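Asks: Let me begin by handing over the structure; questions about it come next.
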Amino acid sequence: MRLPVFEIEEELKRAVATGDRARVLLKAPTGSGKSTAVPGMIRDAGLDGTILVIEPRRMAARLLAGWVAKQRGGNVGGEVGYAVRFDTKYGRDTKIVFLTDGVFQRWIQDDPELAGVSAVVFDEFHERRLAVDVSLGRCLDLQEMERPDLAVVVMSATLETAGLAEFLGDAEALEAGGRTYPVEIVYRPSKPVRDRTGRMVDPPAWEQAAAACREALADPECGDVLCFLPGMHEIRKTEELLRNAAWTRGRTIYPLHSSLPPAAQEAAVASGGPPKIIVSTNVAETSLTIEGVRTVIDAGQARVSGFDARRGIGTLLVKKISRAAADQRAGRAGRTAPGRCFRLWSEADHARREAFETPEVHRVDLSEVCLLLKASGVEDVAGFRWLDAPKPDALARAEDLLHGLGATDRQGGITSEGRAMASLPLEPRFARLMMAGVEHGCVAEMAFVCAAVQGEGIWVKKRGGVGMKDFVEVRDYSDFQAEWRGFGAAEAMKFDPRRVSQLGIHGRGAREVAQGYERLKRLAWQRGWPVEEVDFGGGKDAVGKAMLAGFSDRLGVRFGEATLACRMVGKRRGKLDEHSAAKQADAFVAAEMTEVEGREVITHLNRATAIELEWLRELFPEDLVETDGAAWDEQRRRAVARKELRFRDLVLESRDIDQGVHLDAAAELLAERVLSGELVLKKWDAAVEQWCARLACLSAWMPELELPTWTDEDKAAAVAQICHGAVSYKEIKEAAVWPVLKDWLSGPQQAALDAYAPERLKLANGQTPKVVYGIGEDPRIGLRVRDLFGVWETPRIAGGKVPVLVHVQAPNQRPWQMTKDLESFWKGGYAQMRKELAGRYPKHPWPEDPKRFGLG
């Protein structure tokens, strides 16, 4: 059957064969054949060099390479090959290479001019992976400079292409039809059930998926079933339910996720054979066509990578997928015939979901990308050619981490150490750990640490029972010593899940650590680094210094000997594990920080390693500072001299003494507490407040007088001046205020204040009421109505610029009317006042016409 994408074959070939900055934006829906057919079309357009096809997932890259090789009559490794992390299959004669975005990021790092490459194809661009965004920007820059002959093709099924078309500039926009059949969408939101405690909760995803699967299988036309679950745990639980159900007899059940061996992945997606149920993560969402699937069951969730800025760690959280991703998944049911998609959420929930996935640039750690860009010559990372610019705070965090690891200098320029780190196929932190292992002679130990931290770890995450605590020894200084012993026990049992679980060890997690450890040892051997046997016990200083080099941003100290609560770099707080080998140390670094929510949020510090404070002087002399300052003694309400030893913003040692307090710092501390209201200056009274308000108002009303301002900062400075020379509240409690305020203004300035913002106002009838000032308010006076007889016009101050708000008072001196228009009051308001109040206050004069009452 001819694939729909062949409709635009000739246009595509013409577009890529121009040889002059060829750019193509291809939009083609699910099932059009773009992932399998387009690379061959480009190859057949007459391009001599290699065509690189960038895929978001390892499984897709491997399987697509196999299918395309078969279509073109060859085997993988011949004309068509692939390159994924730790697995490559291509040779000198390979002309089409499918590779993951991470591998391509390293490819272009090692070969910035992409020598021998004719075209780069970005498949499934809508997933907006960070490595893809950056690689596309670099390819466009390369194309505009040294390689105008390089063709760039961007393909997607669901992406809104308007912004991307603008980003690509002069690009050929092509669109192909799809080969899809109608898919019926069925919403099956969960129904809450009662748990063991009697609470109503949503049933787990695997139970919902199994129930939907049972409903689907009741239809004889359901075909093969594809279930989308967020992760491997949910897949295993769903598999277990399906395998034990009578209604799945006759169907083969396959798991599908990126951690499976390639042969198992190929078996899951192979066509033909008995009817099957595939239980998959989002690896089956795009690129892969699984023949025979006519039913999709979608839990509507995926594990999404992110970065927790407050904790400074990467995360992998289960989140709701976007509407675009849901459409992609549903489309899997309509590749070969009409199908159905069961969505395990409500239609209302669907309408509230995000339209598209959030680009990774806005949710993941940027340190590796920043380092690679700097190593490639991009000095201003913020000014790089971003499709979506990273958020400034995320970029700043990445820059801080790189500087802390020694990859950049204080100006942000890359160091020789940073270039060496960028050459390693590791995240910056782990690259620094491996290099520190070389420097301190503990490469094997750091290889194990990197493998353990990057994986799930070996311990079963549960309270009680056998676990890490049973592998800790009295002389241990690092929690990785217990982890190494546990790993050794698991290795001796050949990672048998049933046997190792009795030791509190996760078999699969331990096996993953073993694989990572072997890969890192091979990397060390390739670099010529000495790799001895792991010996944590014999290398305390070496391991501690190497860990400090890689985790200096996670340095912590306990609040006291009787508590596990800790202060951390970055003004964070945490709690050290009660069984940690580092709990008696003066300081430690934590390789793992996890947040647990209960009644309160607690950050748990695990995988800690004790360090000596003198190592900070050796490794980070610029970040270790001794300060002489002042601190506030809350109990005695006085300032004291404080000598501190700080590592960045973390106080390592602190000592308070009464003698030698810096008077400027003491004044600041006292002033802070006066301004907050904690301490009271008794002589800062209402008269002082009125003087301040008069000055602030007149400065605003008559700027031509060029009077000093009176802002919050000015008030703070005045209070500090009043407090200067004192170290305790007792000394400032009765302190004089007016001497400082009088010095604030010169003689002519004080005269101007008295003239234009007087304390009292002399009225036409001889009355001298007090003027009340308020910052941002009208100045006001208040008089009984009889005392206003003879004042027929609104009084004004500030040289006539500002009318005074008059509170016209009843005989009992309560305001009856407030006005800035006395003329109108006398014309109408007075008569109404007389009518309402004359009977109640007969002794008060109430002439019909005050102006003829001998007063005006």
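The values are calculated or read from the model by the stated rules, or taken from the named source; none is laboratory data. All values reported here derive from a predicted model rather than from experimental measurement. Backbone-built Cβ (ideal geometry, glycine too); neighbour counts: all protein chains shown.
Asks: Residues being surrounded by fewer than 16 Cβ atoms within 10 Å (Cβ to Cβ), more than 54 Å from the chain's Cα centre (by Cα) and of a type in the set (A, V, I, L, M): count how many of those fall in the stretch 745-801.
Replies: Of the residues in that region, 3 qualify.
Asks: In the stretch 253-292, which residue that is loosely packed, with under 14 Cβ neighbours inside 10 Å and of a type in the set (A, V, I, L, M, F, W, C) is farthest from SER305 (Cα to Cα)?
Replies: It comes out as ALA263.
Asks: Looking at THR336, THR358 in this structure, which one is in a loop (DSSP other than H, G, I, E, B) and touching a Gly at 6+ places or on another chain (Cβ under 8 Å)?
Replies: On the way: THR358 fails: touching a Gly at 6+ places or on another chain (Cβ under 8 Å).
The conditions single out THR336.
Asks: Within the stretch 476-494, is even one residue free of Cβ contacts under 8 Å to residues at least 40 places away in the same chain, outside any helix (DSSP H, G or I) and not basic (Lys, Arg)?
Replies: Taking the stretch 476-494 and keeping what is free of Cβ contacts under 8 Å to residues at least 40 places away in the same chain, we get 485-494.
Then drop every residue that is not outside any helix (DSSP H, G or I), which leaves 493-494.
Subset that is not basic (Lys, Arg): 493.
Yes, there is a match, as at least one residue in the stretch 476-494 is free of Cβ contacts under 8 Å to residues at least 40 places away in the same chain, outside any helix (DSSP H, G or I) and not basic (Lys, Arg).
Asks: Quick one: in the stretch 743-765, which of the residues that are without any contact (Cβ under 8 Å) to a residue 24 or more places away in the chain and not aliphatic (A, V, I, L, M) is farthest from VAL688 (Cα to Cα)?
Replies: Going through the stretch 743-765, the residues without any contact (Cβ under 8 Å) to a residue 24 or more places away in the chain turn out to be 743, 746-748, 750-751, 754-755, 760, 762.
This time we only want the ones that are not aliphatic (A, V, I, L, M), so: 743, 746-748, 750, 754, 760, 762.
Working: ASP743: 14, SER746: 17, GLY747: 18, PRO748: 20, GLN750: 14, ASP754: 14, ARG760: 15, LYS762: 22 Å.
So the residue we want is LYS762.
Asks: Kindly establish whether ALA581 is surrounded by 22 or more Cβ atoms within 10 Å (Cβ to Cβ) and over 29 Å from the mean Cα position of the chain (by Cα). If you could, list the steps in order and put the result at the bottom.
Replies: Working: surrounded by 22 or more Cβ atoms within 10 Å (Cβ to Cβ): yes; over 29 Å from the mean Cα position of the chain (by Cα): yes.
The answer is yes for ALA581.
Asks: Next question, about the same structure. Exactly one of these conditions fails for ALA736: (1) closer than 24 Å to HIS844 by Cβ; (2) aliphatic (A, V, I, L, M); (3) surrounded by fewer than 16 Cβ atoms within 10 Å (Cβ to Cβ). Give me its number.
Replies: (1)
Asks: Right, next: Filter the stretch 130-159 down to residues that are in a loop (DSSP other than H, G, I, E, B), within 30 Å of GLY31 (Cβ to Cβ) and at pLDDT 95 or above, then give me how many there are. Walk me through how you get there before you give the answer.
Replies: Within the stretch 130-159, the subset in a loop (DSSP other than H, G, I, E, B) is 145-150, 157-159.
Those left that are additionally within 30 Å of GLY31 (Cβ to Cβ): 150, 157-159.
Narrowing the set further to residues that are at pLDDT 95 or above leaves 150.
The total comes to 1.
Asks: Follow-up. Need the failing condition index for CYS566 against (1) without any contact (Cβ under 8 Å) to a residue 60 or more places away in the chain; (2) farther than 25 Å from GLY467 by Cα, just the number.
Replies: If we test CYS566 against (1) without any contact (Cβ under 8 Å) to a residue 60 or more places away in the chain; (2) farther than 25 Å from GLY467 by Cα, just (2) comes out false.
Asks: While we're looking at this one, here's another question. Which residue, of ASP388, ASP365, is buried (at least 17 other Cβ atoms within 10 Å of the Cβ), in a loop (DSSP other than H, G, I, E, B) and in contact (Cβ under 8 Å) with a residue 12 or more places away in the chain? Walk me through it before giving the result.
Replies: On the way: ASP388 fails: buried (at least 17 other Cβ atoms within 10 Å of the Cβ).
Every option except ASP365 fails the conditions.
Asks: If THR295 satisfies all but one of (1) assigned to a loop (DSSP other than H, G, I, E, B); (2) crowded, with 18+ Cβ neighbours inside 10 Å; (3) of a type in the set (S, T, N, Q), what's the number of the condition it fails?
Replies: With (1) assigned to a loop (DSSP other than H, G, I, E, B); (2) crowded, with 18+ Cβ neighbours inside 10 Å; (3) of a type in the set (S, T, N, Q) applied to THR295, the lone miss is (1).
Asks: Look through GLY231, GLY250 and report the one residue that is among the small types (Gly, Ala, Ser), out of contact with any Gly (no Cβ under 7 Å at 6 or more places or on another chain), surrounded by fewer than 17 Cβ atoms within 10 Å (Cβ to Cβ) and under 18 Å from GLU285 (Cα atoms).
Replies: On inspection, the qualifying residue turns out to be GLY231.
Asks: Say whether the condition of being touching a helix residue (DSSP H, G or I) at 6+ places or on another chain (Cβ under 6 Å), assigned to a loop (DSSP other than H, G, I, E, B) and surrounded by 12 or more Cβ atoms within 10 Å (Cβ to Cβ) is met by at least one residue in the stretch 191-214. Lay out the reasoning, then the answer.
Replies: From the stretch 191-214, those touching a helix residue (DSSP H, G or I) at 6+ places or on another chain (Cβ under 6 Å) are 205-206, 209-210, 214; that's our starting set.
Okay, now just the ones that are also assigned to a loop (DSSP other than H, G, I, E, B), so none.
Scanning the stretch 191-214 turns up no residue that is touching a helix residue (DSSP H, G or I) at 6+ places or on another chain (Cβ under 6 Å), assigned to a loop (DSSP other than H, G, I, E, B) and surrounded by 12 or more Cβ atoms within 10 Å (Cβ to Cβ).
Asks: Now for a separate question. Return the pairs, sorted by first residue and then second, in which the second residue is assigned to a loop (DSSP other than H, G, I, E, B) and of a type in the set (Phe, Trp, Tyr), the first residue lies in the stretch 97-125 and is under 20 Å from ARG43 (Cα atoms) and touching a residue at least 24 places away in the same chain (Cβ under 8 Å), the beta carbons are less than 6 Å apart, and the residues are 6+ apart or on different chains.
Replies: VAL97/TYR90
Asks: Can you find even one residue in the stretch 421-434 that is more than 21 Å from GLY102 (Cα to Cα) and either among the hydroxyl-bearing types (Ser, Thr, Tyr) or within 22 Å of the chain's Cα centre (by Cα) (or both)? Don't jump to the end; show me each part of the working.
Replies: The initial filter retains those residues of the stretch 421-434 that are more than 21 Å from GLY102 (Cα to Cα), namely none.
No - not one qualifying residue is present in the stretch 421-434.
Asks: If you scan the stretch 218-253, which residues turn out to be touching a strand residue (DSSP E or B) at 6+ places or on another chain (Cβ under 7 Å), assigned to a helix (DSSP H, G or I) and either within 25 Å of GLN328 (Cβ to Cβ) or not hydroxyl-bearing (Ser, Thr, Tyr) (or both)?
Replies: Within the stretch 218-253, ILE235, THR238, GLU239, LEU242, ARG243 meet the criteria.
Asks: Still on this structure, please answer the following. Picking from ARG694, ARG636, which residue would you name as being farther than 20 Å from ASP553 by Cβ, outside the structural domain of GLN584 (by TED's automatic domain parsing), at pLDDT 95 or above and among the charged types (D, E, K, R)?
Replies: Values: ARG636 fails: at pLDDT 95 or above.
Answer to the check: ARG694.
Asks: Give the stretch 92-127 a look and list any residue that's under 25 Å from PRO359 (Cα atoms), β-branched (Val, Ile, Thr) and part of a strand (DSSP E or B), or say none. Don't jump to the end; show me each part of the working.
Replies: Just the residues of the stretch 92-127 that are under 25 Å from PRO359 (Cα atoms), to begin with: 98-109, 112, 119-127.
Filter once more, so that each one left must be β-branched (Val, Ile, Thr): 100, 103, 108, 120-121.
Residues satisfying the conditions are THR100, VAL120, VAL121.
Asks: Against the definition (within 17 Å of PHE125 (Cβ to Cβ) and either loosely packed, with under 14 Cβ neighbours inside 10 Å or not hydroxyl-bearing (Ser, Thr, Tyr) (or both)), how does LEU142 come out, yes or no? Full working, then the answer.
Replies: Working: within 17 Å of PHE125 (Cβ to Cβ): no; either loosely packed, with under 14 Cβ neighbours inside 10 Å or not hydroxyl-bearing (Ser, Thr, Tyr) (or both): yes.
Answer is no for this residue.
Asks: Pairs needed: first member in the stretch 615-639, under 23 Å from ALA436 (Cα atoms); second member anywhere, surrounded by 15 or more Cβ atoms within 10 Å (Cβ to Cβ) and of a type in the set (D, E, K, R); C-beta distance under 8 Å; at least 6 residues apart or different chains.
Replies: Partner pairs satisfying both residue conditions: TRP615/LYS545; LEU616/ASP623; GLU618/LYS545; LEU619/LYS545; ASP623/ARG648; LEU624/ARG646.
Asks: Considering the stretch 787-838 alone, what residues qualify as being assigned to a helix (DSSP H, G or I), in contact (Cβ under 8 Å) with a residue 24 or more places away in the chain and within 19 Å of GLY766 (Cα to Cα)?
Replies: First, pick out the residues of the stretch 787-838 that are assigned to a helix (DSSP H, G or I): 787-788, 822-837.
Restricting the remaining residues to those that are in contact (Cβ under 8 Å) with a residue 24 or more places away in the chain gives 788, 822-823, 826, 830, 833, 837.
Once the filter is applied, which keeps residues that are assigned to a helix (DSSP H, G or I), in contact (Cβ under 8 Å) with a residue 24 or more places away in the chain and within 19 Å of GLY766 (Cα to Cα), the stretch 787-838 yields LEU788, LEU822, GLU823, TRP826.
Asks: Give me the pairs, please: first residue somewhere in the stretch 17-42 and of a type in the set (S, T, N, Q), second residue anywhere and assigned to a helix (DSSP H, G or I) and surrounded by fewer than 19 Cβ atoms within 10 Å (Cβ to Cβ), beta-carbon distance under 7 Å, and either six or more positions apart or on two chains.
Replies: Correct list of pairs: THR36/TRP67; THR36/GLN71.
Asks: Would you point out the residue of the stretch 69-91, among those that are assigned to a loop (DSSP other than H, G, I, E, B) and among the aromatic types (Phe, Trp, Tyr), that is surrounded by the fewest Cβ atoms within 10 Å (Cβ to Cβ)?
Replies: Going through the stretch 69-91, the residues assigned to a loop (DSSP other than H, G, I, E, B) turn out to be 72-75, 77-79, 85-86, 90-91.
Narrowing the set further to residues that are among the aromatic types (Phe, Trp, Tyr) leaves 86, 90.
On the way: PHE86: 12, TYR90: 21.
Filtering the stretch 69-91 for residues that are assigned to a loop (DSSP other than H, G, I, E, B) and among the aromatic types (Phe, Trp, Tyr), the one surrounded by the fewest Cβ atoms within 10 Å (Cβ to Cβ) comes out as PHE86.
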